[in-house]
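Colleague: I have a structure I would like to understand better, so I am pasting it below and will then ask my questions one at a time.
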Amino acid sequence: ENGSRQIAECARAGLNRVNFSVFGTTPTELAQVQHARFRDTERAERKITALRDAIAACVEYGVTPSANIVVLDHGHIDRVHRLLDTYSPQLSVRLLNSLDHGQVSLEAIQEILDQRGAIAEARYLTAGASGARTAYRLEDGRHVYVKWIRPIRLPETCASCRFNNDTDCQEGFYGLRLYRAQTGEYLVGVCLQRMDLCWRLEGFLDHPIAREILEFRIAEHRKLLQESVS
């Protein structure tokens, strides 16, 4: 919400990309997904204006803006179309399926792609992480990306985890997350569901799990390269 005031300085410091989560394209739409305490269209209007200003600042100062938008079901299709029609093609859009909504979410995303005449052009994988995406080119030449999850698990840490099944852990090993504690120190997290798998930044660098993650990524990178040439 402070993007328009901060982007210029961040760009000078070296920032080259910002991901925005877009929960609504109109005040009414945004208010509907807010907590009841904040469900106010005037507040929502200010938030949307701040979002537009922040995205415009990114474009102005050479920072790539990306928008993540979760498509729960077919009721969210119009919201995606409005997003694409409202913002500049310089805004990179990623459509995310809802793991909680399962197949209906995937079908809604496919309907959006069909309505926009999308053609798949590339698939991107990150070695050692479950997050992946497919790039589509729309009829108007714009590109959108659809995020999907690969069944990736850490060979040791995930193997002994009580959540290691398709019901309790749909995301798998997505990657590292950096948290800032109330005390001001930084923590590295490995799993959304297990906050016990968090370490102080300094301690994490020397922890065996850091070596496990690195070795796993190197091994999968080699595997993906072999598959790409075979």
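The values are calculated or read from the model by the stated rules, or taken from the named source; none is laboratory data. No experiment lies behind these values; they were computed from the predicted model shown. Methodologically, a virtual Cβ is constructed for each residue, glycine included, from the backbone with ideal geometry; neighbour enumeration extends over all protein chains shown. Calculation scope for accessible area: heavy atoms of the full protein, side chains included, ligands and nucleic acids excluded. Shrake-Rupley method; radii C 1.70, N 1.55, O 1.52, S 1.80 Å.
Colleague: Look at region 211-230 and say how many of its residues are part of a helix (DSSP H, G or I), small (G, A, S) and at pLDDT below 95.
Modeller: Quick first cut of region 211-230, residues part of a helix (DSSP H, G or I) only: 211-229.
Subsequent filtering for residues that are small (G, A, S) retains 219, 228.
Okay, now just the ones that are also at pLDDT below 95, so 228.
Count: 1.
Colleague: Please find, within region 175-207, the residue that is farthest from A127 (Cα to Cα) out of those that are hydroxyl-bearing (S, T, Y) and either open to solvent by less than 70 Å² (accessible area, probe 1.4 Å) or part of a strand (DSSP E or B) (or both). Let's see the steps before the verdict.
Modeller: Let us first name the residues in region 175-207 that are hydroxyl-bearing (S, T, Y), namely 179, 183, 186.
Filter once more, keeping what is either open to solvent by less than 70 Å² (accessible area, probe 1.4 Å) or part of a strand (DSSP E or B) (or both): 179, 186.
On the way: Y179: 23, Y186: 25 Å.
Among those that are hydroxyl-bearing (S, T, Y) and either open to solvent by less than 70 Å² (accessible area, probe 1.4 Å) or part of a strand (DSSP E or B) (or both), it is Y186.
Colleague: For region 87-142, which residues satisfy the criterion of being assigned to a loop (DSSP other than H, G, I, E, B), touching a helix residue (DSSP H, G or I) at 6+ places or on another chain (Cβ under 6 Å) and small (G, A, S)?
Modeller: Of everything in region 87-142, those that are assigned to a loop (DSSP other than H, G, I, E, B), touching a helix residue (DSSP H, G or I) at 6+ places or on another chain (Cβ under 6 Å) and small (G, A, S) turn out to be S98, A127, G128.
Colleague: Please go through region 122-164 and pick out each residue that is open to solvent by less than 50 Å² (accessible area, probe 1.4 Å), more than 19 Å from S105 (Cα to Cα) and not hydrophobic (A, V, I, L, M, F, W, C).
Modeller: G128, G141, R142, T157
Colleague: For region 43-86, give me the residue count where each residue is open to solvent by 20 Å² or more (accessible area, probe 1.4 Å) and outside any helix (DSSP H, G or I).
Modeller: So the count comes out to 7.
Colleague: For region 102-121, give me each residue that is out of contact with any Phe, Trp or Tyr (no Cβ under 8 Å at 6 or more places or on another chain) and open to solvent by 50 Å² or more (accessible area, probe 1.4 Å).
Modeller: Within region 102-121, Q103, V104, L106, E107, Q110, E111, D114, Q115 qualify.
Colleague: Do we find a residue being modelled with pLDDT under 90, of a type outside the set (S, T, Y) and touching a Phe, Trp or Tyr at 6+ places or on another chain (Cβ under 6 Å) anywhere in region 148-163?
Modeller: no
Colleague: Please state which one of P89, P65 is of a type outside the set (F, W, Y) and under 18 Å from the mean Cα position of the chain (by Cα). Talk me through it step by step, then tell me what you get.
Modeller: Details: P89 fails: under 18 Å from the mean Cα position of the chain (by Cα).
Answer to the selection: P65.
Colleague: Sticking with this structure for a sec: Among the residues in region 8-29, are any touching a helix residue (DSSP H, G or I) at 6+ places or on another chain (Cβ under 9 Å), at pLDDT below 85, closer than 23 Å to R79 by Cβ and surrounded by fewer than 13 Cβ atoms within 10 Å (Cβ to Cβ)?
Modeller: Yes; the residues of region 8-29 include at least one that is touching a helix residue (DSSP H, G or I) at 6+ places or on another chain (Cβ under 9 Å), at pLDDT below 85, closer than 23 Å to R79 by Cβ and surrounded by fewer than 13 Cβ atoms within 10 Å (Cβ to Cβ).
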